[in-house]
Amino acid sequence: MGKTGPFSKTEKLFIADNYQTKDDIWIAGQLNRTIETVQKYKKKLLATISFITPEAQKETDEYALMLEGRPYWRELNAQFTKDELELIIWHWSRFLHQFRGDITSSEEMQVLDLLRMEIFISRNITEKANGLKEVERLKKHISKLYDSLAGDDTTDRETNSIIASMENNLAAMRSSQRSSTDEHMKLDAQKQKLFRELKTTRDQRKKTIEDSQTSFKALLAALDEEKMNRRVAIEIDLRNRSREKEYSKLTEYHTYGDGEVDLPLLNAESIMLENQNEKEEGDGD
């Protein structure tokens, strides 16, 4: 028979170092443990391994240290058991990893409330499961008592009294189960509300991604429109300059091939411009 009792730190490290390359029988033999206890611990070990990179593990450890360094960590220690604290640290690290460490003070308090809610729900479910087991145990006991009734008035009277008392307890436990279910529903509703406020649900994350894509597309469209407006404005400016330059050339005297000098463009504006120029030249004389 192998050793009994909890695994020591040395034994846990030994299993962690060898479970990937050695079989359970070999590990159990080396530790003088039963195969069942080794397999049970290995399942627990695998459940805690997320197969993340050393860098990600370092980040997770830093987030855990961050929580343990907060002033309210002492309150959490007083409020929760050791196992519950380990679960809180794990969820805390996962949340901050999801948020990439970018979390405000108000969001931090919301995360803490969410973690408390998660623990309360876990307690509720555990208590409900224990209550159901107790209900089943009590039902079987009552059934045995009914089977033991032998027709003796004195004995049967005592037995019936015990049965009545146990059935009252059974009714109270069933009522407690219903209350536990109602409490669970309320806690879960509060939990979902906190999820929505933190925008951590899949639908909200998907909507955020879609909104960011829509905004990016809109930004690209706006940029394209701005480029088009700028290009059109440049073309209009070039056309205006070209027109002004050509108009200036056509409203000046030009010497043709036969030696005649005249204005290429004859219209009211060019004639008025010529008269104005001649007047200015006469005034100058």
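Points worth noting:
- Three-way shape label, region 91-137, alpha-carbon gyration tensor, a/c 1.5: prolate
- Estimated inter-spin distance, Thr104 and Asn240, nm [label 7 Å along Cα→Cβ]: 4.7
- Cα→Cβ-extended label distance, 7 Å offset, between Asn169 and Arg94, nm: 3.8
- In the structure shown, the pairs Lys42/Lys128; Lys12/Lys44; Lys42/Lys82; Lys82/Lys186; Lys58/Lys199; Lys40/Lys133 are assessed against 18 Å; a Cα-Cα span above that value is assigned to Lys42/Lys128; Lys42/Lys82; Lys82/Lys186; Lys58/Lys199; Lys40/Lys133.
- Overall form of region 1-160 per C-alpha gyration tensor (a/c, 1.5; a/b vs b/c): oblate
- Nearest-0.05 FRET efficiency for Val232 and Glu252, computed from C-beta distance (R0 41 Å): 0.85
No lab work stands behind these numbers, since they all come straight from the coordinates. Please read these numbers as outputs of a predicted model, since none were measured by experiment. With ideal geometry, Cβ positions are generated from the backbone for all residues, glycine too; neighbour counts draw on all protein chains shown.
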